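Each remark here refers to the structure printed beneath this line.
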Amino acid sequence: MASDLTLKLHNTLTRTKEDFVPLDANNVRMYVCGPTVYDFAHIGNARPAIVFDVLFRLLRHVYGVDHVTYVRNITDVDDKINARAARDFPGLPLNEAIRRVTETTANQYFKDTTALGCLEPNVQPRATDNIEGMQGLIAKLIASHHAYEAGGAGEVLFDVGSMPDYGNLSGRDLENNLAGARVEVDAHKRNPADFVLWKKSSPEEPGWNSPWGRGRPGWHIECSAMSERYLGQVFDIHAGGLDLIFPHHENEIAQSRCAHGTDTMARYWLHNGFLQVEGQKMSKSLGNFFTIRELLDTDVLGGRKWPGEVLRLAMLMTHYREPIDFTVKRLEEAEARLTKWYEFAAERTTRPKLNLVKQKVVHRLSDDLDCNAAFRVFDEVIAKAEHRESDRYAVYYTLKWLGFSGPRSAFVGTHQNVLTAVRALAGRSENNIRNLVKSAMEKPTWPSGKLRPHVRTLAAIVALRDWANTHMPPTEDQASPFWHEVRSLREELEPESNTAEKHIDSHVAERLAALNTGDFKRADSIRAALLAEGIQLMDSKNDAGERATKWEIRR
């Protein structure tokens, strides 16, 4: 355990920032509400997955990897799932259709969170595997007069009037609360705020036998049962989106406390802020509703795909409790910043004994997950006048620790990779030149994935030309066979590099036209697109005072 570090977290329950003191430092326990798997996760779902992954990493650093248990559930029983299954698979029995929907969407969620750089939680329980635990909790609530069967209709409701301090988390007055259950049964309620614990199922709907008839659980009881099973009746941290404070988390607290007779359910409650897209609430009707998969695999936002690590950084550049405006500009800023870090960072075969960069990052994260303050550490290190190899490795190592893929040796740019490969050929058989350069060209680079093939070829051309010019003999007759081989390979690749130059020149011309007409948004977009390909632009003015732009392969 890092005993010299005090972790502070903003507790929604007390509305203050508090020192985090776990119940048991040898078993720190955290529960985060996961997705309801009726559809692919949207970018709003990505935020809690990313934010609380950072918290998971921080807790593991402070208390030790083997001393932290992170549970994130999968809700696979819900009326939305039933409706989606009936819509998408009308020819199948409902239970089979539900299985198809939940397996597909859950598996996609796992792929999405992995692409976003998230560690796998210790446990990812499914609601359908915990029905017995839910029924046990409901039975306890009935026995202790905190729940009642609804007029023989096969439903069981929680009696909010039986809990004097109901509403502490949300700060809502009981008289003004609205019912928060996913399935309404108002005709059977003693109090409008009473919510469903068990709901009757028709013969066509999924259901489980119970003392109250064949039915299915309400939404809130699911998390109460799963958190108890894997973390105990009282645990350290419960987290999720701001929208879950009421009714979901409020009702979880009510169920768990009343069933177990405890003063609390979780000691610290953390909630991330809302997300909007380009200044508007995310909505399918507005055309700004995007799934994580769409952003990763298609061109729906900004006309291009976005790597998971760019999405991750864009999410973390705003404090987790603040609302976030998810824009193309924000993604471009995140990509440019990440590229800068990756170009600076470098892997080492041996680790420095004292990693001051990571220590500073951890210290800043310990203040209620202040990620932006942590990221400034990288900028501060890079801005120093002189650097040691250990600085580069420290940035590399800390980025990896924070969930970013980290600069592979190729991430510093194709040009540098090819140049390094060519230089290394001097002590090798000349027959290896094509294979070595080809291998260097094919390595993935830049946050946006691989450079386009013709740009990779152009990078190789530049590297070969640089090497040949550096080792230019007094006359060609005096050149070694190896030098001629380098030039031969360069000439072999020249036709394809011409295609690359035409591609870049056309975009530079288009950008200049946009600048001259005042369309700066379009100009910035073209610059960002070329930068994503590894092409850096340098603006100046010619002798006539007109705008001019040069380009180079970013090294």
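The values are calculated or read from the model by the stated rules, or taken from the named source; none is laboratory data. Keep in mind that what you see is a predicted model, and the values were worked out from it rather than measured. With ideal geometry, Cβ positions are generated from the backbone for all residues, glycine too; neighbour counts draw on all protein chains shown. Surface areas here come from the heavy atoms of the whole protein model, side chains and all, with no ligands, DNA or RNA. Shrake-Rupley method; radii C 1.70, N 1.55, O 1.52, S 1.80 Å.
Each Lys or Arg adds one and each Asp or Glu takes one away; over the other residues whose Cβ falls under 11 Å from the Cβ of LEU244, this sums to -3.
Measure off, as a whole percent, the carbon and sulfur share of the 1.4 Å-probe accessible area of the range 207-256, all protein chains present.
It is 49 percent, rounded to a whole number.
I need the calculated FRET efficiency for the pair ASN122 and LYS8, taking r as the beta carbon distance and R₀ as 25 Å, to the nearest 0.05.
Here the calculated transfer efficiency is 0.55.
Based on DSSP, what percent of beta bridges with both residues in the range 10-135 are antiparallel, to the nearest 5? The partial results should precede the final answer.
Working: 2 of 10 bridges.
Close to 20 percent.
Taking all Cα-Cα distances within the range 59-149, those exceeding 23 Å account for 48%. The stretch between ALA25 and ASN168 holds 48.8 nm of extra length on full extension. This uses 0.36 nm per residue minus the Cα-Cα distance. Measuring nothing but protein heavy atoms, the accessible surface of the range 9-67 at 1.4 Å probe radius is 46 percent carbon and sulfur.
Applying 1/(1 + (r/R0)^6) with r as the Cβ-Cβ distance of THR104 and LYS80 and R0 = 22 angstrom yields a FRET efficiency of 0.90. Computed extension length for ASP88-ASN516: 149.0 nm, one decimal, from 0.36 nm per residue of separation with the Cα-Cα distance subtracted.
Label positions at ALA139 and GLN536, each projected 7 Å from the Cα along the C-beta direction, are separated by 6.9 nm. Taken over the range 214-284, the alpha-carbon convex hull comes to 121 cubic angstrom per residue.
Each of ILE324, THR264, SER285 was placed along the dipole of the range 254-386 (beta-carbon charges, centred on the mean Cα), and the one lying farthest toward the positive end is THR264.
When the pairs LYS329/LYS360; LYS340/LYS541; LYS305/LYS502; LYS329/LYS400; LYS360/LYS400; LYS17/LYS400 are compared against a 19 Å limit on Cα-Cα distance, LYS329/LYS360; LYS340/LYS541; LYS305/LYS502; LYS329/LYS400; LYS17/LYS400 fall above it. For the range 1-154, what log10 I(q)/I(0) values come out of the Debye formula at q = 0.09, 0.10, 0.11, 0.15 1/Å, with one point per alpha carbon and no solvent? Taken in order of the listed q values, log10 I(q)/I(0) reads -0.42, -0.52, -0.62, -0.99. Placing a pseudo-label 7 Å from each Cα along the Cα-to-Cβ vector at GLU501 and GLU333 gives an inter-label distance of 3.7 nm.
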